[in-house]
């Protein structure tokens, strides 16, 4: 699908590519988690109300930490919401000097999925790809405001916006910046996304709008992942040739077989040059249970910033194991764990909540 955006008239979207997450950023984008109903999908009682307040405090801590690494751009619905956020940060004594507010309406806070996927061309021009967002197959209506976020950001920044015309969430893909893209069949080939498109047609859209040449498909996602199996809970590139992939050691855990199969598949896969990838195992956290359900907690849901890596932690000894593994892989960045024990109640963590803008 072509776009009528006048800023794109002189541009060929096929000459743009999605940079890897470790490449320099000018900012990270977030959306304030204002919709209590979305976070309260499990239980309606006073306990969940208190837990939601803890979610907001943890979110503020993540913003505070990330401002050490890069500018933070936060979407809020209006002036009143901006004031509420500023007051909360002040009360928590968290910094806000590297934080910029944008008044753009949202319903859900998962900016990785409804936000812009930025692309860049050889001359350094930045553009936005605005894929259709349908709330993970129509699960959380309404989603019209969320679907409009990328184009609204493009207008605010006065940069070109390309419209591929198919459903895609940012958490469903991961790239190495050299031509290889990781995704899952359970999500991208799910009939609640693009039921009229073949696998080959979906691959062509990824190639045309993200500048990739080599697409690697894993299988199932982790339990209770309402995204139908996003890759950022399973496996992530940490450099052009290396992927970290979560493994579950407990055969009785419901994730054991899926993750074992995914790891075995990755070990056979090759990059865009036909060379084998280096696969590094990352532990899965011990189960995080809320209302008798296992939450989709995963250490691969980290965000790679300019100076730090923001790692979700879950109040257990495995937090330190995951931190040490990632520190060896990112020797020039500081791995900072921010508690996501309450945040994961919303079925996502720091990578799901954020989106990077390349410099």
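The values are calculated or read from the model by the stated rules, or taken from the named source; none is laboratory data. Computed from a prediction, not measured in an experiment: that's the story for all the values here. Virtual Cβ from ideal backbone geometry, glycine too; neighbours counted across all protein chains shown.
Numbers at a glance
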{"read-out": "Filtered residues of segment 86-101 (kept if under 14 Å from residue 34 (Cα atoms) and either touching a strand residue (DSSP E or B) at 6+ places or on another chain (Cβ under 6 Å) or at pLDDT below 95 (or both))", "value": "none"}
{"read-out": "Residue check for residue 306: touching a residue at least 24 places away in the same chain (Cβ under 8 Å), in contact with a strand residue (DSSP E or B) (Cβ under 9 Å, 6 or more places away or on another chain) and part of a loop (DSSP other than H, G, I, E, B)", "value": "yes"}
{"read-out": "Test: residue in segment 124-133 that is over 19 Å from residue 356 (Cβ atoms) and crowded, with 19+ Cβ neighbours inside 10 Å", "value": "no"}
{"read-out": "Identity of the residue in segment 19-37, in a loop (DSSP other than H, G, I, E, B) and more than 14 Å from the chain's Cα centre (by Cα), that ends up surrounded by the fewest Cβ atoms within 10 Å (Cβ to Cβ)", "value": "24"}
{"read-out": "Wholly within segment 87-204, helices (runs of 4 or more DSSP H) carrying at least 1 residues that are over 20 Å from residue 217 (Cβ atoms) and within 19 Å of the chain's Cα centre (by Cα)", "value": "111-114, 135-138, 144-147, 149-157"}
{"read-out": "Residue check for residue 253: part of a loop (DSSP other than H, G, I, E, B) and under 19 Å from the mean Cα position of the chain (by Cα)", "value": "no"}
{"read-out": "Residue match in segment 321-328 (condition: within 21 Å of the chain's Cα centre (by Cα), assigned to a loop (DSSP other than H, G, I, E, B) and buried (at least 17 other Cβ atoms within 10 Å of the Cβ))", "value": "no"}
{"read-out": "Meets criteria (surrounded by fewer than 23 Cβ atoms within 10 Å (Cβ to Cβ), within 26 Å of residue 54 (Cβ to Cβ) and touching a strand residue (DSSP E or B) at 6+ places or on another chain (Cβ under 8 Å)) for residue 283", "value": "yes"}
{"read-out": "From the options 262, 292, 332, residue that is surrounded by 22 or more Cβ atoms within 10 Å (Cβ to Cβ), more than 18 Å from the chain's Cα centre (by Cα) and without any contact (Cβ under 8 Å) to a residue 60 or more places away in the chain", "value": "262"}
